[in-house]
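The structure appears below as structure tokens.
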Amino acid sequence: PATTEVATTNTPAVTTAPANPPATNTAPRSEPAPATTAAPPAPERVPALDSAGLPQGWVVRLGVFGNRSNADGLLQRLLDARYKAYVETMPDARNMTGVYVGPVLTRAEADTLLRELRTRFQLEGMVRRFNPE
């Protein structure tokens, strides 16, 4: 009968160390730190919706000017003081420009803003509904 011989080579066995050997820590285990109680997140401020389903907002109208450069001057003072302000041509008055600050979400915020602006700029104003058109 024919026998088949298989050649073997003597190659040393290769061993590899684990890529991340387990750490050996001889320090005594400590109790985990108690969980800190974080402040609950602030409730999300969602504006009320009007009858058309649009968000309601409020603005303070600080003045109405016949001279656009006067309106732009006040606008720049407000922007320099870091207020959200804008000008808008009055639809019902010829060549009149209104200067507005806001919008804010609630009438109470608008009333507070009006008092602040009166004190800071010595201007009378009025709270109006914000019209995004």
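The values are calculated or read from the model by the stated rules, or taken from the named source; none is laboratory data. Values in this document were obtained by computation on a predicted structure and should not be read as measured data. Using ideal geometry, Cβ is built from the backbone for each residue, glycine included, and neighbour counts are taken over all protein chains shown. Ligands, DNA and RNA are stripped out before the accessible areas are found, and what is left, the full protein with its side chains, is counted by its heavy atoms. Shrake-Rupley method; radii C 1.70, N 1.55, O 1.52, S 1.80 Å.
Structure notes:
- Residue check, residue 118 farther than 27 Å from residue 52 by Cβ and touching an Asp or Glu at 6+ places or on another chain (Cβ under 9 Å): yes
- Qualifying residue in the stretch 9-28 (condition: open to solvent by 90 Å² or more (accessible area, probe 1.4 Å), within 19 Å of residue 127 (Cβ to Cβ), out of contact with any Asp or Glu (no Cβ under 9 Å at 6 or more places or on another chain) and at pLDDT 55 or above): no
Rundown of residues vs (1) basic (Lys, Arg); (2) under 14 Å from residue 128 (Cα atoms); (3) modelled with pLDDT of 95 or more, yes/no style:
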position	(1), (2), (3)
47	no, no, no
54	no, no, no
69	no, no, yes
77	yes, no, yes
82	yes, no, yes
93	no, no, no
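- Restricting attention to the stretch 106-133 and to residues that are of a type in the set (Val, Ile, Thr) and within 23 Å of the chain's Cα centre (by Cα), the residue that is farthest from residue 58 (Cα to Cα) turns out to be 112.
- Single match in 85, 108 (criterion: loosely packed, with under 12 Cβ neighbours inside 10 Å and closer than 23 Å to residue 55 by Cβ): 108
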